[in-house]
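Shown next, in structure tokens, is the structure this report addresses.
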Amino acid sequence: MDEYKLARGIGLVSLGVGLALLAAPARTTESFGMGERKKLGHFLGVRDLILAAGLLHSENPTPWLWARAISDAADAALLASGAAFGIFPRSRSILGVAVAASFSAFGFTLARRLG
């Protein structure tokens, strides 16, 4: 498959998640396993929109893929530590950790193939 199309797909997912986090931050962070944290949702939404813009408009998406993969790894660490310390609901956070870690691994793999 074309790696550049995959990078664009990741950009479109980032755009959708970023918009969801800005439009309904408490509901979206709750669905990701972070509890109803509106300010965290706004922060993550802006981050995702910046990454989406880079992935969708850059001629070289590789640095943006690295940034996306690192941010997904940070999300997995945030969710895992939040669940471990009882800040986030464990039942929902575990799924969020798995999803974020999977997206991170995919992003790292794709960035290495493009770079």
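The peptide list 62-71, 22-31, put in order of mean Cβ contacts within 10 Å with the highest first, becomes 62-71, 22-31.
Rounded to whole numbers, the Karplus 3J(HN,Hα) couplings from phi for segment 104-110 are 4, 4, 5, x, 4, 5, 5 Hz, using 6.51 cos²θ - 1.76 cosθ + 1.60 with θ = phi - 60°, and x at Gly and Pro. Its DSSP H runs of at least 4 residues, each contributing -39,500 (n - 2.57), put the calculated 222 nm mean residue ellipticity of the chain at -28500 deg cm²/dmol, to the nearest 500. Computed from phi, the 3J(HN,Hα) profile of segment 65-77 under the Karplus parametrisation 6.51, -1.76, 1.60 (θ = phi - 60°) reads 5, 4, 5, 5, 5, 5, 5, 5, 5, 5, 4, 4, 5 Hz, with x in place of Gly and Pro. A Cβ-based charge dipole, computed about the Cα centre of the chain with Lys and Arg at +1 and Asp and Glu at -1, lands at about 200 debye. Across the chain, the convex hull enclosing all Cα atoms gives 81 Å³ per residue.
Going from the fewest other Cβ atoms within 10 Å to the most, the residues GLU3, GLU36 appear in the order GLU36, GLU3.
Of the residues GLY45, GLY35, GLY11, the one that moves most in a GNM of the chain with alpha-carbon contacts below 10 Å is GLY35.
Read-outs: derived from the displayed coordinates by stated rules, not from any lab. For clarity, every value in this text was computed on a predicted model and none was experimentally measured. FYI the Cβ positions are ideal-geometry reconstructions off the backbone, even for glycines, and counts take in every protein chain you see.
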